Amino acid sequence: MESLAKQKIIEDLLPQKFGKVGKIWVGVLLAFCTLGLVAYILQLKNGLVVTGLRDYVSWGIYISNFVFFVAISLVGSLITAVLRLSQAKWSTPLTRISEIIAVSAITFASLIIIVDMGRPERFYNLFLHGRLQSPIVWDVIVITTYFFVSILLLYFPLLPDMAIMMKHKDVTGMPWLNKMYTFLGSFWKNTAAQIHISEKAINILSITIIPVAFAIHTVTSWLFATTYRPGWDSTNFGAYFISGAFLVGAGAVVVAMFVFRKAYKLENYIKDEHFDKMGKVLVLLALLYLYFNVNEFLVPAFKMKKSEEEHLMGLFTGEFAVVFWFAISTAMLIPIIILIQKKGRKPLPAFIAGLLVVVGSWFKRYLIVTPTLLHPFLPMYDVPKSYTHYFPTWQEWSIALGSLAGALLIITIFARIFPIIPIQETINEIEEHEQA
Amino acid sequence: MNKHSKIFFTAILLQFLAITAFSQAEKNDLSLSISYFNSNNHTQYLVAHAKSKIDGKFQMIPNINLSFYIGSEDAANLLGKAVTNDKGDALIFIPPAAKDEWKKSAKVSFIIVSQKTKEFDEAKGNVEITKAKIQIDTLADKKITATLMELKDTVWTAVKAIDVKIAIKRLDADLNVAETPTYATDSLGVASADFKRDSLPGDSKGNLTLIAKVEDNDVYGNLSSEKVVPWGKSIKYYTEFDKRTLFARRGKSPIWLELLAYSIVVAVWGILFYLIGQIKKLKQLGVS
């Protein structure tokens, strides 16, 4: 017979039906997804001419979104792998949140790349005729690998919880869900042998995911850095991208922590202590990313090579200055100022700081992609006016927002179907604590 | 016709004359010239040049239709027609049909006539050449000789005191065989030069092409003769194309990259398949 404490944990952490707010939230997300889908159908029908993309700016907010999704997906390796391997027990309630963020983000990173293609039906040619020397092929390989590693890292810790879910079929209230739990985890009997295999598998995955995660974002940075263009011609790009990715991923986890804690009343599990610790992690990551930004911009600005001057001045004081300083402030400076103080690491201010990091980081990706394309080394000469500037069309905004809504929808539906905080691991940790 | 009508028509007539005179004054003079070429004593061709002085500067005139004649400007003597290119040049080969007119005399004249256009009136140009030939040959010790002969009545006669260029034919220009670019012919019509370009890159067999030229001569035009000699350094053309490089096409990636990439993929996916195997093992443990 289950102890009362254990029973309470299970009741608290079992998935809950959507309330009124939850249904509205899902409705809004579905509306954005539908709008994005309609816009994509129009783009397929009429071609990329419906976008603001032209000969010079051929990568716009689609690729900004892709880099953003790849960046945010790195949180899976940070929270699940790095903190697990360093035996930071406090991160247990955050592991599943970070893993589902990683899975949903990497799913939409893959999809948004296809959206950027003018002829997506030719995508298979990348596999048939892709050159192994091309970073684009490396990106396809590493994204696929990261997706499967993340799925496995989500699945193995879920097995003990699946057994608990099957014991509480009445709570879910949906027969098809129970069938799914049976299909996915009916074999889990919580035996010592099974626990041993599962723990070993999770440890192997935690070790494997770190180099794969570093590879995925380094390769994404090389998509830019292996070309000779102002702003991209940098040896700093791999480290610059990875530090930024850890920052935005951690920011997203803080936001998700706050929302799930509020929506599912998880104050006993996602505690102030977690916000405090994640706040400190965010400060560290923001400082690290700020350091790379100083390197990335101050060194070229000091030299101010003629060929790069227009690009750099466009960012500092020109047409992109407002977005540039907004991104630097919201993604790094303001979160550091908020979170460096103890009272700033309380749930609400930490949530605000996390939100700022996520929003600022999206604009940061936009700044990495677009301004460089508008400032080629060879001057634009005798081209149509539409080639000389870029602003996304409503179709692009709709598809971009639709993809962001889609990623949030995956997370929302996952939290409706599976426990967003690992139940068995929480019980085990409390029991271990009591025994100690 | 009353007085007002007379004034009106006079004014119209004056205006017409003024416009005609102005439009005629607008036209520039077209200058045509013609050069004769004889390459290796068997390929003969003519190059016409069209130029005009516009805004105080000579400019090459493209798109001028030219008719080429031999001997006289008769339709029977028409060699062909050509249009000047962007450099103002037009080229035709002298056709075998002109054989009879060609054989009439030791001296031959060529005439070009341009069609009248909006910008230019009809213009003409001509050149007269004395038939001549040049022969390049080599002797021991890499000595090169070029013999220049002209046709006098029906007899080929040596020509003396004419500058002949003896050189090595390269892709865009000619390279001197020694310090001096040109050599004068002697009383036998022979100009001699010593080859002093050792280790000069040749083709894959070390072949070089020697050339003897008479250029822009007022009497003979442009004559040239070539001879291939194995006096160069054998050069094997090396290309990275179709080799395994980072820049090659698919299927030609460097071995080290393939080994590195595939070993990483195999290692990581090996782990993933192992873990999928572990799921199967978990299932078996759960059933038993």
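The values are calculated or read from the model by the stated rules, or taken from the named source; none is laboratory data. No experiment lies behind these values; they were computed from the predicted model shown. Quick reminder, even Gly has a Cβ in these numbers, built from the backbone with ideal geometry, and neighbours come from all protein chains shown. Calculation scope for accessible area: heavy atoms of the full protein, side chains included, ligands and nucleic acids excluded. Shrake-Rupley method; radii C 1.70, N 1.55, O 1.52, S 1.80 Å.
Summary table below
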{"quantity": "Residue list for region B:236-288, restricted to those being within 30 Å of A:A192 (Cβ to Cβ) and among the charged types (D, E, K, R)", "calculated": "B:K280, B:K281, B:K283"}
{"quantity": "Matching residues in region A:172-186 - criterion: being of a type in the set (S, T, N, Q), open to solvent by less than 50 Å² (accessible area, probe 1.4 Å) and more than 9 Å from chain B (Cβ to nearest Cβ)", "calculated": "A:T172, A:N178"}
{"quantity": "Output for region A:56-80, where each listed residue is modelled with pLDDT under 90 and open to solvent by 10 Å² or more (accessible area, probe 1.4 Å)", "calculated": "A:L78"}
{"quantity": "Enumerated helices (runs of 4 or more DSSP H) restricted to region A:247-338, each holding at least 3 residues that are open to solvent by 70 Å² or more (accessible area, probe 1.4 Å) and among the aliphatic types (A, V, I, L, M)", "calculated": "A:272-303"}
{"quantity": "Residue in region A:116-160 that is surrounded by the most Cβ atoms within 10 Å (Cβ to Cβ), counting only those that are aliphatic (A, V, I, L, M), within 11 Å of another protein chain (Cβ to nearest Cβ) and under 27 Å from B:Q278 (Cβ atoms)", "calculated": "A:L153"}
{"quantity": "Among residues of region B:156-173, those that are touching an Asp or Glu at 6+ places or on another chain (Cβ under 8 Å), in a loop (DSSP other than H, G, I, E, B) and open to solvent by less than 70 Å² (accessible area, probe 1.4 Å), counted", "calculated": "1"}
{"quantity": "Of all residues making up region A:85-118, the number that are modelled with pLDDT under 90, outside any helix (DSSP H, G or I) and either touching a His at 6+ places or on another chain (Cβ under 9 Å) or under 26 Å from A:W362 (Cα atoms) (or both)", "calculated": "1"}
{"quantity": "Index of the failed condition, A:L111 passing every other in (1) open to solvent by 20 Å² or more (accessible area, probe 1.4 Å); (2) within 12 Å of another protein chain (Cβ to nearest Cβ)", "calculated": "(2)"}
{"quantity": "Residue in region A:210-239 that is nearest to the other protein chains (Cβ to nearest Cβ), counting only those that are open to solvent by 50 Å² or more (accessible area, probe 1.4 Å) and under 22 Å from the mean Cα position of the chain (by Cα)", "calculated": "A:P211"}
{"quantity": "Counted residues, region A:351-393 - those being touching a helix residue (DSSP H, G or I) at 6+ places or on another chain (Cβ under 7 Å), β-branched (V, I, T) and assigned to a loop (DSSP other than H, G, I, E, B)", "calculated": "1"}
{"quantity": "Pair list, Cβ under 6 Å, 6 or more apart: region B:258-275 residue at the interface with chain A (Cβ under 9 Å from one of its Cβ atoms), other residue surrounded by 11 or more Cβ atoms within 10 Å (Cβ to Cβ) and of a type in the set (G, A, S)", "calculated": "B:L275/A:A201"}
{"quantity": "Residue check for A:K189: within 14 Å of chain B (Cβ to nearest Cβ), more than 30 Å from A:D55 (Cα to Cα) and not in a helix (DSSP H, G or I)", "calculated": "yes"}
{"quantity": "Condition check for A:I207: surrounded by fewer than 18 Cβ atoms within 10 Å (Cβ to Cβ), in contact (Cβ under 8 Å) with a residue 12 or more places away in the chain and either at the interface with another protein chain (Cβ under 10 Å from one of its Cβ atoms) or part of a helix (DSSP H, G or I) (or both)", "calculated": "yes"}
{"quantity": "Residue that is nearest to A:T95 (Cα to Cα) [pool: residues in region A:161-171 that are open to solvent by 20 Å² or more (accessible area, probe 1.4 Å) and assigned to a helix (DSSP H, G or I)]", "calculated": "A:A163"}
{"quantity": "Close pairs (6 angstrom Cβ cut-off, 6 or more residues apart or separate chains): open to solvent by 20 Å² or more (accessible area, probe 1.4 Å) in region A:406-423, of a type in the set (S, T, N, Q) anywhere", "calculated": "A:I410/A:S104; A:I411/A:S104"}
{"quantity": "Verdict on A:Y291 being assigned by TED's automatic domain parsing to the domain that holds A:V359, more than 21 Å from A:L83 (Cα to Cα) and modelled with pLDDT of 95 or more", "calculated": "yes"}
{"quantity": "Filter result for A:F363 (modelled with pLDDT of 95 or more and within 20 Å of A:D272 (Cα to Cα))", "calculated": "no"}
{"quantity": "Lone unmet requirement of (1) assigned to a helix (DSSP H, G or I); (2) within 8 Å of chain B (Cβ to nearest Cβ); (3) buried (at least 17 other Cβ atoms within 10 Å of the Cβ) for A:K200", "calculated": "(3)"}
{"quantity": "Test: residue in region A:371-387 that is over 20 Å from the mean Cα position of the chain (by Cα) and closer than 24 Å to A:A256 by Cβ", "calculated": "no"}
{"quantity": "Residue ranges of strands (runs of 3 or more DSSP E) in region B:57-106 with at least 2 members open to solvent by 100 Å² or more (accessible area, probe 1.4 Å)", "calculated": "B:57-60"}
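Here is a yes/no grid of residues against (1) closer than 18 Å to A:A263 by Cβ; (2) in contact (Cβ under 8 Å) with a residue 40 or more places away in the chain; (3) over 22 Å from the mean Cα position of the chain (by Cα); (4) open to solvent by less than 90 Å² (accessible area, probe 1.4 Å):
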{"position": "A:Q7", "(1), (2), (3), (4)": "no, no, yes, yes"}
{"position": "A:D12", "(1), (2), (3), (4)": "yes, yes, yes, yes"}
{"position": "A:F18", "(1), (2), (3), (4)": "yes, yes, yes, yes"}
{"position": "A:V21", "(1), (2), (3), (4)": "yes, yes, yes, no"}
{"position": "A:V26", "(1), (2), (3), (4)": "yes, yes, no, yes"}
{"position": "A:G36", "(1), (2), (3), (4)": "no, yes, no, yes"}
{"position": "A:A39", "(1), (2), (3), (4)": "no, yes, yes, yes"}
{"position": "A:N46", "(1), (2), (3), (4)": "no, no, yes, yes"}
{"position": "A:L53", "(1), (2), (3), (4)": "no, yes, yes, yes"}
